[in-house]
Amino acid sequence: MPARDTGLPQADAQFDFGRQRRRRALARIAARMRLEPSDVNVILPFEEVVAALGRRGERSLGLQTIPLDSIVGTVDRGREFDRAFRPTSGRVRLRWERIATAVRKGEAMPPIDVYRIGELHFVKDGHHRVSVAGALGHEVIEAWVTEIITELGADHAIRLADLPLKSHQRLFFERVPLPPDARKEIQLSDEWRYAALAEAVEAWGFRVIQSTGEAMSRAQVAEAWFHEEYKPVVEMLREAELIRRGTETESYMRVAQLRYLILRTHEWTDEVIERLRQELDHPSWEEDTMVRRLRKELR
């Protein structure tokens, strides 16, 4: 919807502010009705995102034109705006309307300052300008950009609730330094499983080193595990129709644990596959229940 223009800049700026506040209220109602996560409209905190993704360095990219919808976070600890930079309270009204009035009178807005992480931007200076630009229907804005280089990337779908998962994912890849292409295939929905998977990979590497008598670096263990254990097993699970729920990585972890509990082996044989199929097809199958039962049987 185009911004209202009555020829009275100050009055139109006041209307713009009220409209943005109403839009935020409607967005919250719509999110609740769609059963979306409660943090879907929460602005992302820069420091927490960087801590989760792992900072490696930074570089200045100079003055650029960036999309407004790529700006989803802030360096500021306050929460005066939501993720779409709609005002969350009336405290910013005076400054907001002053900027909006000036823009409506034809004055140019100075460039904002932002940090870039992946495809996202975080405002260092210029929150009100971003909000006004969005209210007036602008799609881009001029910005001084500093790129923050992180261990993990970030896309537009990331939310506040995703940060713990990202943090554990980053720690996993520090322990299991897989190549970039392989990293994309490791997907877990529970952050605590990353630690368990890292331990499993390290144990697998220890057994390989013991059997071959040759030393291996973490990177060599990670790549060997991915190509010699993970990929073949996932493919075998697909063919055996043992990927029942969750991600492929979660299915790998589930059956790898059961495989060891059932036969105390880390090998994959027809006997193991058939026993796993029987266990997973059991009418009362539940992962935690099965693990407890098998552990009891093996005592």
Return a yes/no flag: does segment 73-90 have any residue that is at pLDDT 95 or above, closer than 18 Å to HIS128 by Cβ and polar (S, T, N, Q). yes
Could you list, in sequence order, the residues of segment 113-147 that are β-branched (Val, Ile, Thr) and closer than 28 Å to ARG22 by Cα? VAL114, VAL123, VAL130, VAL132, VAL140, ILE141
Pick from GLU191, GLU174, GLU185: which is in contact with a helix residue (DSSP H, G or I) (Cβ under 6 Å, 6 or more places away or on another chain) and either on the phi > 0 side of the Ramachandran plot or of a type in the set (Asp, Glu) (or both)? GLU191
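Residues in segment 37-50: is at least one under 16 Å from ILE141 (Cβ atoms), under 20 Å from the mean Cα position of the chain (by Cα) and outside any loop (DSSP other than H, G, I, E, B)? First the steps, then the outcome.
Kept after step one, since they are under 16 Å from ILE141 (Cβ atoms), are these residues of segment 37-50: none.
For segment 37-50, residues under 16 Å from ILE141 (Cβ atoms), under 20 Å from the mean Cα position of the chain (by Cα) and outside any loop (DSSP other than H, G, I, E, B): absent.
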What about VAL233, is it surrounded by 18 or more Cβ atoms within 10 Å (Cβ to Cβ) and more than 19 Å from LEU152 (Cβ to Cβ)? yes
Unmet requirement for VAL72, which otherwise passes all of (1) of a type outside the set (Lys, Arg); (2) free of Cβ contacts under 8 Å to residues at least 40 places away in the same chain; (3) in a strand (DSSP E or B): (2)
Residues of segment 67-85 being over 17 Å from HIS138 (Cα atoms) and of a type outside the set (Asp, Glu), in sequence order, are GLY73, THR74, VAL75, ARG77, GLY78, ARG79, PHE81
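When the residues of segment 88-104 are narrowed to those that are part of a helix (DSSP H, G or I) and β-branched (Val, Ile, Thr), which ends up nearest to the chain's Cα centre (by Cα)? Walk me through it before giving the result.
Taking segment 88-104 first, the residues part of a helix (DSSP H, G or I) are 90-104.
Of the ones still in play, those that are also β-branched (Val, Ile, Thr) are 92, 99, 101, 103.
Working: VAL92: 30, ILE99: 34, THR101: 37, VAL103: 35 Å.
Within segment 88-104, the match that is nearest to the chain's Cα centre (by Cα) is VAL92.
The values are calculated or read from the model by the stated rules, or taken from the named source; none is laboratory data. Everything quoted here is computed from the prediction, not taken from an experiment. As a convention, Cβ positions derive from the backbone with ideal geometry for all residues, glycine included, and neighbour counts pool all protein chains shown.
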